[in-house]
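The values are calculated or read from the model by the stated rules, or taken from the named source; none is laboratory data. Keep in mind that what you see is a predicted model, and the values were worked out from it rather than measured. In this analysis, Cβ positions are derived from the backbone assuming ideal geometry, glycine residues included, and neighbour counts consider all displayed protein chains.
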Amino acid sequence: MKKFTLLLLLSASILHSYSQQLFTLRLEPSTLTAAPAVHSGAFGTYNNKWFFVGGRKNGLHGFQPPFAFPTNGANDMIYVVDPVADQSWSASTSTLPDYIREPVTSSNMQYYLNDSILYMVGGYGWKDSLQDFVTWPTLTAVNMNSLVNAIINSQSIDSLFRQISDSTLAICGAHLQKMDSTYYLVFGHRFDGIYNRTDTAGFFVQTYSNEIRKFQIVDDGVNLSINNYTAIRDTGNFRRRDYNLVPFYDPFRGEGLLAFSGVFQKHTNLPYLTPIEIFKDTVIVRNDFNQNLSQYHSAVCLLYDSINYLQHNLFFGGMSMYYVDTLTQQTVTDSLVPFVQTISDVARDLDMNYHEIDAGIKMPALLGTNAYFFYDLNIPVCRKHFVNLNALPPHQRLGYIVGGIESPELNISITDPSLSFASTRVFEVYLDTIATAIKEINNDVLSFFCYPNPSREKVEVVFELKKTETVKIELLDMKGSLVKEICNQSFNSGKQKLLLNIFDYSKGVYNCVITVNGNRKSIRLQKE
């Protein structure tokens, strides 16, 4: 398989420019056959073995009942995999009591492995007693040493789970992380009822948390509780779900969490693009940067240069509103947020600036959405969470991409979601040698969108500039012909709003295209 390049930033002269060294990555199909075809559940590594709990074993969820989340698509098995021996074991959850079984077979739960204890929070799934879907208000704990040994030795798992209920934990599509003794339940939403994209009859109730919820878990091995609960609320920036949250380290502020993208913005059905830095004492919304190439939960690998304090976040496939056209090298958009083959890196340098780099080649198919990344068992690490770039040999396997959703088309959400499926493929990711070329994604234009969209009459065209620039905005029909030049003039730095009247235009779909410094971004605009 063809190699691709990614950028390794060095700290020399970073104030207004940065030095660069390039490394090469390589994706190879793995010979492993023991990994299950699942996605959107809890996973991790314990005692050199992989485990998978909950999630889904079909593809993308449907958009109309009864096909939205068919109950036979729930993963009702717990899997343990030895990646060295290529051997797997499994246990059915069918013998567990319903109050345990239903939450641990849910999808998009939040989870954290604390030493040997796996904590699972919330998740969306079917409740037999209600004959309906709910987001579970539960915290479930299981000792992984006992669970893994029981599964490998074909012993009962029924007595191994402990659980409490608390309405503040009724969240799905979020993440659970830990800093010091405090757990962070970050963003997400509560979704109760049967999903229906065209809901007009109250099939479901959806409430975004808009919060970072902080608490401690008190666990003596028998009794389980949470205390010291607090929440940070921001209805403008925290309204996110199905995103990527990773640990990160700032040499000045210390340990933190980094939230990338997510869906959907409050006033428009588009993903967020700005990352959010979460520290113990503050939260920083980075409005000076847009992550263009990955906006949905995907397989992620973290690399750290501990000499130069540079973190690389590698995103493999997934879903994105933007992608780089392989022929024109222009950043183009699909506001339906399709499946993509993109592999990208968001690197944060010592000056706390972000850089997004397109890898140059793609995933071998439309893969990566809700997939799992397992680090190589022998990988050198630093600061607990990161591959130590300074300690890698010339050729090193970073890890494995496992499971996730595989789609035959970009936008099956508007054709037939059942065409997608849980991927059976496993890929090994290697870091190899020095390479020679990069494609850094332009960030001259931030937060470009049209609102309301769809619209019958007036539309606000919103964008933000880092500095004074000449901006051209055009409205094109779907054949690429110019309908109207909205502007072609200089704008100062900061957020800008233009009013566009489309009342006299024909119904249909248009492209609103912004061009700055030769770089183009576009949004699909629907006239009703």
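Couple of notes before you dig in:
- Annotation note: Cβ proximity below 7 Å between a residue of the range 83-107 that is farther than 20 Å from THR33 by Cα and in contact (Cβ under 8 Å) with a residue 40 or more places away in the chain and a residue that is of a type in the set (S, T, N, Q) and surrounded by fewer than 19 Cβ atoms within 10 Å (Cβ to Cβ) (sequence gap 6+ or interchain) occurs for TYR99/GLN163; ILE100/GLN163.
- Scan of the range 334-353 for residues that are in a strand (DSSP E or B) and not aliphatic (A, V, I, L, M), ordered by number: PHE339, THR342, SER344, ASP345, ARG348
- Among the numbered conditions (1) without any contact (Cβ under 8 Å) to a residue 60 or more places away in the chain; (2) part of a loop (DSSP other than H, G, I, E, B), the only one that ARG397 does not meet is (2).
Residues are listed down the side, and each one gets a yes or a no for (1) surrounded by 14 or more Cβ atoms within 10 Å (Cβ to Cβ); (2) closer than 14 Å to LEU366 by Cβ; (3) out of contact with any strand residue (DSSP E or B) (no Cβ under 9 Å at 6 or more places or on another chain):
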position	(1), (2), (3)
ARG397	yes, no, no
TYR400	yes, no, no
GLY404	yes, yes, no
PRO408	yes, yes, no
ILE412	yes, yes, no
THR415	no, yes, yes
PHE421	yes, yes, no
PHE427	yes, yes, no
LEU431	yes, no, no
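- Any hit, the range 410-422, residues being touching a Gly at 6+ places or on another chain (Cβ under 9 Å), of a type in the set (Gly, Ala, Ser) and in a strand (DSSP E or B): yes
- Residue in the range 65-75 that is at pLDDT 95 or above, closer than 22 Å to GLN163 by Cα and either in the same structural domain as ASN153 (by TED's automatic domain parsing) or of a type in the set (Asp, Glu) (or both) present: yes
- Within the range 114-168, the set of residues being of a type in the set (Phe, Trp, Tyr) and either over 27 Å from the mean Cα position of the chain (by Cα) or farther than 18 Å from VAL218 by Cα (or both) comprises TYR124, TRP126, PHE133, TRP136, PHE161.
- When the residues of the range 212-252 are filtered to those that are among the β-branched types (Val, Ile, Thr) and in contact (Cβ under 8 Å) with a residue 40 or more places away in the chain, the one that is nearest to GLU277 (Cα to Cα) is VAL246.
- Residue satisfying condition, being among the hydroxyl-bearing types (Ser, Thr, Tyr) and closer than 30 Å to PHE339 by Cα, within set THR230, THR207: THR207
- Index of the failed condition, PHE252 passing every other in (1) among the aromatic types (Phe, Trp, Tyr); (2) in a strand (DSSP E or B); (3) surrounded by fewer than 21 Cβ atoms within 10 Å (Cβ to Cβ): (2)
- Residue in the range 324-335 that is under 26 Å from CYS450 (Cα atoms), modelled with pLDDT of 90 or more and in the same structural domain as ILE379 (by TED's automatic domain parsing) present: no
- Residue in the range 445-467 that is surrounded by fewer than 18 Cβ atoms within 10 Å (Cβ to Cβ), at pLDDT below 90 and on the phi > 0 side of the Ramachandran plot present: yes
- Test for GLU356: is it in contact with a strand residue (DSSP E or B) (Cβ under 9 Å, 6 or more places away or on another chain) and either in a strand (DSSP E or B) or not assigned by TED's automatic domain parsing to the domain that holds ASN292 (or both): yes
- The range 48-87 - residue that is basic (Lys, Arg) and in a strand (DSSP E or B) and, of those, surrounded by the most Cβ atoms within 10 Å (Cβ to Cβ): ARG56
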